[in-house]
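Right, one structure below, let's go through it.
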Amino acid sequence: MSLEQKSHNRETLKNSSIFSLFTSMSRVLGLLRDMLKAYAFGTGPLSVAFDIAFRLNNMLRNLVAEGALSQAFVPLYNRYAAEGENKAREAAGVVIVFVAITMTLVTCVVIFALPYLMPLLLASEHMPADQLQLTINLSQLLFPYLVMMSVASLYMGIQYSHKIFWAASFGPALLNIVILVFFGAYAAWVRLTHGAFDVTSVYVFSIATLAAAVAQVAFQIYTVHRRGLAPRYSFSLKHGALKALGSMMLPAVFAASMQEVGQLIDVYLATSLSDRVPEAISALTYSHRLIQLPIGVFGVAVATASLPQLSKIYQTDATGETFSGSLAYSVRLNFFFLLPAVAGLMVFSEPIVRVIFQRGAFTGRSTEVTALALMCYAPGILAYSLQKLFTISLYARMNTHTPAIITAVALVMNFALSLFLMQSMLHGGLAAGSAIAAWCGVLIYIVVLLRGKVLRSPITLLQDLARIFAVNLVFAGLLVALRQYVFPERALLQLAVAIPVAMAAYVALARVAHIAEAHVLTEFLTRLRRRLPF
């Protein structure tokens, strides 16, 4: 490995570590937010209405703010930055103004159209009329969230390009803090006055979410301006940045839209199960939140830190060896950190859900249906993260067409698998179909990357991954033993013992197997411990 390659690997690990630290904080706070929501609404009609409303909003956010827009903006910003700081600021200002205006117009149109669109998007014949109307009202209330997140993502992209990872990754944590404080105070008032969590409560939760989005975008704007990176705001439809962004975004929008169509299909199929599993939507939502913890902390962290790094490597790497080596390193990091998460969430799905959510309105039945969804989603954790990484690697090379095609193929697979598996597994089939389709997408990506020589030396990479996989087989056996024999009837105590024992055993096994990532991890933790004041 060349000195340049080692330098890029260290940079990727450093940036990923920073992102992971703050993302971990955000995900933990997000879990607390979900625990508060589960306590108030469980998996009942109010929870289902909010989950559908917020999921539809999130679909557009993922499509634009955290999908095509942000992934196309970072390489574009870096390209202008190479021509000079003033060029980059001017381009960023034009893009931000255009996106803010466009998203505001889109939001207004959608708000007025929702009463007509919502019944078409859901299996509304399976929903009570009052629940459908509540879902529409909440969707209309929440939709300005899209404008906030779209603008925030651009300011975060500026920070990523300048290797400022802490503030961008702290933004989601701030969002969760605002929701916890806002709705937590309301929930305390409800309990002190012996009230009940009714329709008013779910409106309060929605308003808290919207207020949190305002806080997040304000924080990102403040950070960029404070660092002296303020864009030069102007409105110009003729600026080259808009044309370049559009040409990069269109295929990416298509790819992201395919993923969101998949989400729509899942929502429709889940509502069609309402007669048999009325909790299906909320069970899928809570379980999806849980798998997002390892995906966000490790998978998205590695991919997000890799995008600006790979974009710059692509501009200077004549042979492609450094790019390939950096990508392979990111793949190994994903395997090393996420395979144990897959095993852990599959084996301990029921006690994890019980400990985190089962209180208040979240009953034993809620735990049962959510644990099934979690167990079925978990095998896809690594696949979702690898898809994100491989998509990022192609975007860094200004190739947004290939991910669009692969995503479309995966969508068809997802729909067919979900439709087939839900017949016997109910909502668990929807989660399993999503996981299997994600792995099919990963296999297609690998073939494309190898053929295009974007990913090289496959034998060496396979040998490294085989060692990681072998260690995880032993690790999975240990988890099964812990689940069966260590306080099997006491979920909290079992997790309190099993998690630290399993983590220590995994690192020890990895070091014995001479897995390089284990040594890097222990060195990083040692340096972190030395910096702590206690």
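The values are calculated or read from the model by the stated rules, or taken from the named source; none is laboratory data. Please read all numbers here as calculations on a predicted model, not as lab measurements. Glycine gets a Cβ as well: all are built from the backbone with ideal geometry, and neighbour counts include every protein chain shown.
General remarks:
- Scanning the range 167-194 for residues being over 17 Å from the mean Cα position of the chain (by Cα), at pLDDT below 80 and either surrounded by fewer than 19 Cβ atoms within 10 Å (Cβ to Cβ) or among the hydroxyl-bearing types (Ser, Thr, Tyr) (or both) gives a total of 1.
- Of the residues 363, 400, 367, 391, the single one that is of a type outside the set (Lys, Arg) and out of contact with any helix residue (DSSP H, G or I) (no Cβ under 9 Å at 6 or more places or on another chain) is 363.
- Test for residue 470: is it outside the structural domain of residue 359 (by TED's automatic domain parsing), surrounded by 13 or more Cβ atoms within 10 Å (Cβ to Cβ) and modelled with pLDDT of 90 or more: yes
- One residue stands out in the range 195-209 among those that are in a helix (DSSP H, G or I) and of a type outside the set (A, V, I, L, M): the one that is surrounded by the fewest Cβ atoms within 10 Å (Cβ to Cβ), namely 200.
- When 482, 462 are checked against the criterion of being surrounded by fewer than 14 Cβ atoms within 10 Å (Cβ to Cβ) and either in contact with a strand residue (DSSP E or B) (Cβ under 9 Å, 6 or more places away or on another chain) or outside the structural domain of residue 333 (by TED's automatic domain parsing) (or both), 462 stands alone in meeting it.
- If you check 361, 373, 341 for being assigned to a helix (DSSP H, G or I) and surrounded by fewer than 24 Cβ atoms within 10 Å (Cβ to Cβ), only one passes: 341.
- Pairs linking a residue in the range 111-125 that is within 16 Å of residue 281 (Cβ to Cβ) and among the aromatic types (Phe, Trp, Tyr) to a residue that is surrounded by fewer than 16 Cβ atoms within 10 Å (Cβ to Cβ) and at pLDDT 80 or above, with Cβ atoms under 8 Å and 6 or more positions apart or on different chains, do not occur.
- All positions within the range 94-138 that are surrounded by fewer than 16 Cβ atoms within 10 Å (Cβ to Cβ), hydroxyl-bearing (Ser, Thr, Tyr) and within 30 Å of residue 235 (Cβ to Cβ): 102, 104
Rundown of residues vs (1) more than 27 Å from residue 287 (Cβ to Cβ); (2) out of contact with any Phe, Trp or Tyr (no Cβ under 9 Å at 6 or more places or on another chain); (3) assigned by TED's automatic domain parsing to the domain that holds residue 511, yes/no style:
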{"residue": "382", "(1), (2), (3)": "no, no, no"}
{"residue": "393", "(1), (2), (3)": "yes, no, no"}
{"residue": "410", "(1), (2), (3)": "no, yes, no"}
{"residue": "434", "(1), (2), (3)": "no, no, no"}
{"residue": "450", "(1), (2), (3)": "yes, yes, no"}
